[in-house]
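S.K.: Before I ask anything, here is the structure I am working with.
The values are calculated or read from the model by the stated rules, or taken from the named source; none is laboratory data. This is a predicted model, so every value here is computed, not measured. Accessible surface is based on the protein model in full, side chains and every heavy atom, while ligands, DNA and RNA are left aside. Shrake-Rupley method; radii C 1.70, N 1.55, O 1.52, S 1.80 Å.
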Amino acid sequence: MNKRSLFGFTSANNFREINRNKSRAMTDKVIDLKTAINSFVKDGDYLGIGGFGMDRLPSAALHEVVRQKKKHLTLAGHTATHDGQILCAGNCVDKVDAAYVVGVELLGLSPNYRRTFQEGKVEVTEWTNATLAWRYKAAAMGLSFLPVRSMLGTDTFLHSRAVEYKCPFSGETYALVPACSPDVSIIH
């Protein structure tokens, strides 16, 4: 059994219950960014951030998270570079589900992200870009996990929370990746 932590997991039944209790009222939900971050991002939340590397990131929202001094956040590092760079500079993050992090494409390494990792200020569980996306997909499908072939036989598997499993139909080995349900998702 892996000793890595499991971040962002809510069982399928609990996730259904959370959504069942949400209001379905047609209300105006347009609010300013400061109020949105204050209302929806709480200390200890798991954040899913939209964008890819440095492109299409909700940078203004991330800067507002830092301004409001949110703490103990978990970040889905799904090709996350500049978002983690901003949040680590603000000492907001202490857990990361890492797929592709720390590199800012052609510009080199992200100094704030890298420093935070090297100083051991964040707890890290590793995934591939595909498996982190499939974790979201499992949650969207109302499942607790999805079987995949990715990561088997790699060091990434050893540093993940995926579980090796033999298929009862074919006898083939798969990696089971747990669903991931962020508390808050912020997109550009």
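S.K.: Using the heavy atoms of the protein chains and a 1.4 angstrom probe, tell me the accessible area per residue for region 52-93 in square angstrom.
M.R.: Spelled out: the 1.4 Å probe surface of region 52-93, per residue, equals 39 Å².
S.K.: Rounded to the nearest 5, what % of the DSSP beta bridges within the chain are antiparallel ones?
M.R.: That works out to approximately 40 percent antiparallel.
S.K.: Under a cut-off of 26 Å between alpha-carbon atoms, report the lysines in cross-link reach of LYS95, not counting same-chain residues fewer than 8 places apart.
M.R.: LYS3, LYS34, LYS42, LYS69, LYS70, LYS71, LYS121, LYS137
S.K.: Here is a further query. If you rank MET141, MET151 by how much accessible surface each has, with a 1.4 Å probe, what is the order from largest down?
M.R.: Order by accessible area, largest first: MET141, MET151.
S.K.: Carbon-plus-sulfur fraction of the accessible area of the chain, 1.4 Å probe, in percent?
M.R.: In the chain, the share of accessible area belonging to carbon and sulfur is 55 percent.
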